Amino acid sequence: MVNVQLKESKGKNKKTKLQLLGRFIKKNPAGFVGILLVLLSVGSALFAQWIVPFDPSKASLAARLTPPSWANPTGESTFFLGTDQLGRDLLSRIIYGAKISLMVGFFGVLISLIIGTVLGLISGYFGKWMDDFIMRFADIQLAFPFILFAIVVMSVLGTGIWKIIIILGLTYWVGFARLIRGQVISLKEQEYIHAAKAIGGTTFTIIRKHILPNVLSSILVLGTMYIAEFILLEASLTFLGLGVDPTIPSWGGMLADSRNYITTAWWTAVFPGVAIMLTVLGFNLLGDWLRDRFDPNMKL
Amino acid sequence: MIAYVTRRLIHTVFVVLAISIVIFFSIRLTGDPVTVMFSAGEPTKEAIADLTAKLGLDKPIWVQYGIFLKGLFTLDFGESFRSGAPVTALIFERLWATLALALGGIVVAVAIAFPVGIISAVKRGTPVDFFGRIFSLIGISFPNFWLGIMLILIFAVTLQWLPASGFDGFSSLILPSITLGMILSGILARLVRSSMLEVLNQQYIATAKSKGISDWAVIIKHAFRNALLPTVTFLGLQFGSLLGGTVIVEQVFAWPGIGRLIIDAINQRDYPVIQGGVIFLAIIMVVVNLIVDLSYSLIDPRIKVGRGGR
């Protein structure tokens, strides 16, 4: 009897998985769209070399500035999104461009997240001079927009993807540090932290076991939103010629090239921007959904 | 109050100093401009030494910083390596174009965000609200330079209603202002919506409604005026990022402002111009923030003065 019941409930569970997905989509349509868009861009970045229809760097002067195949009924274009000024396939370059944007997003956030979390924990838990230092740094950052700082530094260092990642990581940790500092200050006074102290827990254990798990969800939410912001900043810098090396296919670089052909080749200006917008929108929607799920009161 | 103002002033000077250190030393991390300026041909050693001395680059770096700092307080940023013109004159020549653009951006942002935010809040939970929120989310999800390119494509190339670039009267200001103001309007609409929602829940709104005042009169006269304060402060504090945004927008529209001056200087390794331009923008931002902060605490005495008051 018991066995039969168990089997039945197992079967039920399988059925409800699809239903669960359906219910999730119905309840969080925006979050679902966000997840799809993020999966699309991450998939493009990871599997770029296997899914591109053409070699993204293969130039062909005969095919330069060919319109998209569907917008060009008379010609014999095989390029779905057309070609750029050197005859390179736009779709393939956009797929490869996802690599650059997501690398900057993920690694930039990883660096700022690690620095910010460590410093935020320290300043929130111990306070004093560390706290002062971080708040002063935050003041400067608030007063001086990143793009100006990046323009100065990149103009000196020259282009390069890792330079951008490091500059973003070294300036944006302040956001994580402030967020975590605030949470730690209120967590510190909770009963269970006092209890953990009373039974002789070391500072390190308390932070690792009782404080860190409680701030992880906020870190995740802010991290997701920063990925979106970093992708935008990288594209802007590359557009100005101060970001990624111009020979590498990147969305900002493609838009910078398109500026000269805008009167004759609209597709070179439209599609890389659509790629940026969908990706950034995806991470923003995902971040919104994560925030509503974990911590609706979070001020972000 | 006087103590607070003094503290804010000291703090402002501290921030300007910190920014000046960051800019000055990060520019000098690499490359000496002399070799870049002689990029064509083989210069003689004497020619290099001559130019280095002429530009003051032979002095110790601390002396150079001292000169730079002294210039900061007298608004004298030296002379351009390239043209020899005083940097301050170059900046002031371009200042009006940048300020016009920033102002245009604010006007566009307010004109879009206030109606969208108010209607979203009043019609909370309806499809109108939903579209308002989607609008503000999309507003923060695309790069503003791409919006600029799209506007050029539609209004300048295809419809040929407005000029694509340059600085030629009011019509050339329209597209750059929309480009600059759009991102801000997305964030601003969110803020207007949430502060309107907060105010609409207050008792005095219910009282005003119960007195028989028409809905829109309540919304505009009672609710909106109270929701205005946080948004105005926010606008003041966003002025900085708006100035940062002008650098990119000026590049898209070939707008002859300070941003373009800086980018051109970067391409020519014209250090005094890069340095002077960036620090000038930074000073404008810091001063605007200071004014907003001080006037905020004057307008609304409930604001806690001091740390944590923000």
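Dipole size of the stretch A:64-299 about its Cα centre, with +1 on Lys/Arg Cβ and -1 on Asp/Glu Cβ: approximately 480 debye, rounded to the nearest 20. Where only DSSP H runs of four or more residues are counted, chain B gives -24000 deg cm²/dmol as its mean residue ellipticity at 222 nm, each run worth -39500 (n - 2.57). Once you've got the GNM for chain A with C-alpha springs shorter than 10 Å, pick whichever of A:Lys17, A:Lys99, A:Lys197 has the biggest mean-square fluctuation. Result: A:Lys17 has the largest fluctuation of those listed. Between B:Lys221, B:Lys45, B:Lys209, the Gaussian network model of chain B with springs among Cα atoms under 10 angstrom shows the greatest mean-square fluctuation at B:Lys45.
Only Lys, Arg, Asp and Glu carry charge here, each on its Cβ (+1 for the first two, -1 for the last two); on that basis the stretch B:88-299 has a dipole of about 760 debye about its Cα centre. Taking the longest Cα principal axis of chain B as reference, the axis of helix B:61-74 is set at about 50 degrees. The longest stretch of chain A left intact once loop-based GluC sites (Glu not before Pro) with at most 10 other Cβ atoms within 10 Å are removed from consideration, loops following DSSP, is A:77-188. Residue-wise HN-Hα couplings along the stretch A:261-278, as the Karplus relation 6.51 cos²θ - 1.76 cosθ + 1.60 with θ = phi - 60° gives them from phi, are 10, 5, 6, 10, 9, 4, 5, 5, 8, 7, 5, x, x, 4, 4, 4, 4, 5 Hz; Gly and Pro carry x. Put in line by how crowded their Cβ is, counting other Cβ atoms within 10 Å and starting with the fewest, B:Trp146, A:Trp162 read A:Trp162, B:Trp146.
Between helix A:161-187 and chain A there is an angle of about 30 degrees, using the helix long axis and the longest principal axis of the Cα atoms.
Going by alpha carbons, how many degrees (0 to 90, nearest 10) lie between the helix axis of A:2-27 and the longest principal axis of chain A? Tilt of helix A:2-27: around 60 degrees.
The alpha carbon gyration tensor of the protein assembly as shown gives principal lengths a ≥ b ≥ c with a/c below 1.5, which makes the shape rounded.
Average partner chain C-beta neighbours within 10 Å, per residue of A:165-173?
Per-residue shielding by partner chains comes out at 0.
Let a ≥ b ≥ c be the square roots of the eigenvalues of the Cα gyration tensor of the stretch A:64-299; is it rounded (a/c under 1.5), or, if not, prolate (a/b larger than b/c) or oblate?
Because a/c hits 1.5 or more and a/b exceeds b/c, the stretch A:64-299 counts as prolate.
Summed over qualifying helices (DSSP H, 4 residues or more, each -39500 (n - 2.57)) and divided by its residue number, chain A shows a 222 nm mean residue ellipticity of -25000 deg cm²/dmol.
Every number in this text was worked out from the coordinates using simple rules, so none of it is lab data. The model shown is predicted, which means the values in this text are computed figures rather than measured ones. Positions of Cβ are generated from backbone atoms using ideal geometry, with glycine treated the same way; all protein chains shown enter the neighbour counts.
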